[in-house]
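Trainee: Have a look at the structure that comes next, please.
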Amino acid sequence: MFENYFLAQIDYIKDIAKHGLENDRESLLKSLSEFVDFYKDSKKTNLALQLQSLIKDSQRKTGHLTKVGSNHYFNQQSEKEFSDLVIDKLTSDYRLNNLVIDEKVRQELIQFIKENKSVELLRKYDLPVSNKLLLHGSSGCGKTLASYVIAGELDKPMYVVNLGAIVSSKLGETSKNLSKVFKKAALEESIIFIDEFDSLGKVRDYNQDHGEMKRVVNTILQLFDYLPQSSIVIAATNQENMIDDALTRRFDVNLKFELPTKLQIKELIELTLKKGNFIVSPKTALNKIVNQCQGLSYYSIQKTLINAIKRTLFKQLEDKKVGQKIDIKIWSELIEQEKKALKKQF
Ligand SMILES: Nc1ncnc2c1ncn2[C@@H]1O[C@H](COP(=O)(O)OP(=O)(O)OP(=O)(O)O)[C@@H](O)[C@H]1O
Ligand SMILES: [Mg+2]
């Protein structure tokens with residue numbers, strides 16, 4: 001009896017080790033929950049509970065963005081279909097209120113989301129859905145974040161294609177790879193997110209006669225033309241001028257992401273502080289910081305804020321004086337450092 005129990009336990013452990021080493025999260029979770037059931041059946045309730053809480057903990061830590069399917073799943077695609085692509089498939093929990101943005105751009109995003117939620121309705125009226133979106137503008141101003149917001153609001157999975165990683169592949173391969181991604185995404189009615197869309201310009205650099213460049217651009221134009229109404233393409237770039245005009249024109253919506261205004265800097269600070277225990281006070285300190293942050297991207301500002309909070313916290317612990325106020329001097333220094341690091345004229 002004891003021996004049977006022992007052997008069964010070894011089998012579970014072997015399975016778990018195998019899935020863990022292969023990074024196959026899905027199978028790992030399945031084996032773990034079978035193991036939990038096994039412990040429960042064997043009246044080892046305490047062990048079962050401990051395992052269960054480990055599983056729950058790990059699921060909580062996975063956070064906002066959840067990878068659909070495991071790395072293993074992608075590794076299994078050994079037909080080399082995606083070997084030249086850095087590709088990810090994500091679902092997202094992000095919503096419009098996670099994004100601080102110009103009101104006009106927000107309205108455009110809302111309309112885009114609305115249309116893509118109403119594919120059937122528009123079809124009835126024989127109206128086309130705007131499903132090709134170009135996001136451009138300064139780095140760190142929310143283009144990638146906006147694509148996550150769209151995926152989250154529409155509750156659709158999203159394939160992330162890193163064009164930068166595929167244009168340097170063998171001649172002719174870029175077009176083939178792109179077609180494969182589009183086909184797969186269309187079948188699954190998912191979103192295709194092409195980040196670093198400007199890296200198409202790189203094709204021009206490595207092929208003198210522009211033959212490959214033309215081929216890739218033509219492929220994209222064709223893929224766009226045959227894109228089913230239930231699919232969505234989002235492309236992002238911080239160098240719009242690197243993209244062929246013929247391509248830019250094919251997007252239904254073209255949105256520019258700019259550096260934050262003073263009001264938007266305040267909104268970003270509020271949004272970032274919403275979840276935590278820290279505050280900026282008094283108002284004059286906030287105004288000083290906002291002025292100082294002008295010219296920096298949302299990303300840079302948020303980074304200095306989070307670092308300021310961490311440093312304030314450590315300082316408070318050292319001084320044994322716990323409080324809510326962020327140390328403005330620390331924050332202000334971090335902003336200056338960030339500006340210097342960016343070597344930009346402010
Ligand atoms: N408009 C915004 N509202 C709220 N947070 C933002 C915004 N823009 C950037 N952030 C913060 O900065 C991070 C990085 O932004 P994101 O990756 O979207 O920038 P990007 O425009 O795609 O930049 P790049 O051109 O360098 O790829 C976000 O995850 C978010 O935390
Ligand atoms: Mg980005």
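Every read-out reported here was derived from the displayed coordinates using simple, explicitly stated rules and does not represent laboratory data. Computed from a prediction, not measured in an experiment: that's the story for all the values here. Quick reminder, even Gly has a Cβ in these numbers, built from the backbone with ideal geometry, and neighbours come from all protein chains shown.
Trainee: For the range 88-209, what relative contact order do you get, as a whole percent, if you take Cα pairs closer than 8 Å and at least 6 residues apart?
Mentor: Relative contact order, the range 88-209: 32 percent.
Trainee: Over 24 Å between Cα atoms: which of Lys288/Lys325; Lys89/Lys275; Lys30/Lys183; Lys266/Lys329 fall into that group?
Mentor: Going by Cα-Cα distance, Lys89/Lys275; Lys30/Lys183 fall outside the 24 Å limit.
Trainee: Which order do Asp245, Asp252 fall in if you start with the one that has the fewest other Cβ atoms within 10 Å?
Mentor: Fewest-to-most Cβ neighbours within 10 Å comes out as Asp245, Asp252.
Trainee: Using bins 5 angstrom wide from zero, how does P(r) for the range 262-342 break down, in % of all Cα pairs?
Mentor: Result, from short to long distances: 3, 16, 29, 27, 16, 7, 2, 0 percent.
Trainee: Can you give the FRET efficiency for Glu270 and Lys320, using 1/(1 + (r/R0)^6), R0 = 25 Å, r = Cβ-Cβ distance, to the nearest 0.05?
Mentor: 0.30
Trainee: Moving on. Scale the Cα Rg of the chain by the rule-of-thumb value 2.2 N^0.38 Å and send over the ratio, two decimals.
Mentor: So the Cα radius of gyration is 1.22 times the expected 2.2 N^0.38 Å.
Trainee: Now for a separate question. Please grab the % of Cα pairs in the range 198-346 that end up more than 27 Å from each other.
Mentor: 47
Trainee: How much FRET efficiency would the formula 1/(1 + (r/R0)^6) give for Lys340 and Asn23, where r is the Cβ-Cβ distance and R0 is 41 Å, rounded to 0.05?
Mentor: Taking R0 as 41 Å, the efficiency between Lys340 and Asn23 is 0.55.
Trainee: Using the per-residue mean of other Cβ atoms lying within 10 Å as a proxy for protection, in what order, highest first, do the peptides 22-33, 279-290 fall?
Mentor: 22-33, 279-290
Trainee: Sequence gap at least 6, Cα distance under 8 Å: using those rules, report the relative contact order of the range 2-62 to the nearest whole percent.
Mentor: With pairs under 8 Å counted, the relative contact order is 23 percent.
Trainee: Take the Cα atoms of the range 2-62, build their convex hull, and give its volume per residue in Å³.
Mentor: Hull volume over Cα atoms, normalised by residue count, gives 67 Å³.
Trainee: Using only DSSP helix segments of four residues or longer, with each worth -39500 (n - 2.57), what per-residue ellipticity at 222 nm results for the chain after dividing by its residue count and rounding to 500?
Mentor: Roughly -18000 deg cm²/dmol at 222 nm, from the helical runs in the chain.
Trainee: Right, another one. Work out how much length Lys114 to Tyr12 would gain on full extension: take 0.36 nm times their residue separation and subtract the Cα-Cα distance, in nm to one decimal.
Mentor: On the way: separation 102, 0.36 × 102 = 36.72 nm, distance 4.74 nm.
Extra length from Lys114 to Tyr12 when fully extended: 32.0 nm.
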